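Single-structure report; data block below.
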Amino acid sequence: MSTEPAFRRVSSHEVKPQYERDEVTLIDVREADQFTASHIPGALQIHLARIEGEIPYLPKGRPIVTYCTCPAEESSGQAVQILRNGGITDAAALQGGLAAWRKAGYAVESGIPLQP
């Protein structure tokens, strides 16, 4: 019987240095209206139901961290499993999600990001 977790989790403190160096792709797996209300600056908004179809379009060669606002990272963990099944091995869920990011004092924003 394996005690290995179903998906990898990373803390806000682990992700922050990669985020500051633009070496990680953050994906908010919540609904668009929740994302618009509050999200991590620079994060992509891809609802959990659309993750599998977006795999070919995700940046390659860099870690992906998913997040949500669910207790125990239910949605973001499901997204990690879908990404791994789709061949993206360097994927993890943000432990504590958006609330943990905010609690650590890291930036969040609201609104719809401007596209370049």
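The values are calculated or read from the model by the stated rules, or taken from the named source; none is laboratory data. This structure is a prediction, so every number in the text was calculated from the model and none was measured. Methodologically, a virtual Cβ is constructed for each residue, glycine included, from the backbone with ideal geometry; neighbour enumeration extends over all protein chains shown.
Among the residues of region 32-70, which ones are of a type in the set (D, E, K, R) and either exposed (fewer than 15 other Cβ atoms within 10 Å of the Cβ) or modelled with pLDDT under 95 (or both)?
ASP33, ARG50, GLU52, LYS60, ARG62
Residue under question is ALA99, and the condition is that it be over 25 Å from ILE55 (Cα atoms), among the hydrophobic types (A, V, I, L, M, F, W, C), out of contact with any Lys or Arg (no Cβ under 7 Å at 6 or more places or on another chain) and in a loop (DSSP other than H, G, I, E, B); does it hold?
So ALA99 fails the test.
Hey, among the residues in region 1-21 that are at pLDDT 95 or above and assigned to a loop (DSSP other than H, G, I, E, B), which one's nearest to ALA99 (Cα to Cα)?
It comes out as SER11.
Can you tell me how many residues within region 1-18 are under 14 Å from ARG62 (Cβ atoms) and touching a residue at least 60 places away in the same chain (Cβ under 8 Å)?
Restricting attention to region 1-18, the residues satisfying the condition of being under 14 Å from ARG62 (Cβ atoms) are 10, 15, 17-18.
Remaining after also requiring touching a residue at least 60 places away in the same chain (Cβ under 8 Å): 10, 15.
Number satisfying all stated conditions: 2.
Can you name the residue in region 34-56 that is of a type in the set (Val, Ile, Thr) and assigned to a loop (DSSP other than H, G, I, E, B) and is also farthest from GLY96 (Cα to Cα) among such residues?
The residue in question is ILE46.
Filter region 71-95 down to residues that are touching a strand residue (DSSP E or B) at 6+ places or on another chain (Cβ under 9 Å) and not in a helix (DSSP H, G or I) and give me whichever is farthest from VAL24 (Cα to Cα).
GLN95
List pairs: first residue in region 36-59 and within 16 Å of ALA92 (Cβ to Cβ), second residue at pLDDT below 95 and among the acidic types (Asp, Glu) anywhere in the structure, Cβ distance under 7 angstrom, at least six positions apart or on different chains.
none
When both residues are 6+ apart or on different chains and their Cβ atoms are under 6 Å apart, which pairs have a first residue that lies in region 87-111 and is at positive phi, and a second that is outside any loop (DSSP other than H, G, I, E, B) and surrounded by 13 or more Cβ atoms within 10 Å (Cβ to Cβ)?
Close Cβ pairs satisfying both conditions: GLY97/TYR67.
Could you run through region 22-33 and say how many residues are closer than 21 Å to GLN81 by Cβ and either β-branched (Val, Ile, Thr) or part of a helix (DSSP H, G or I) (or both)?
Qualifying residue count, region 22-33: 4.
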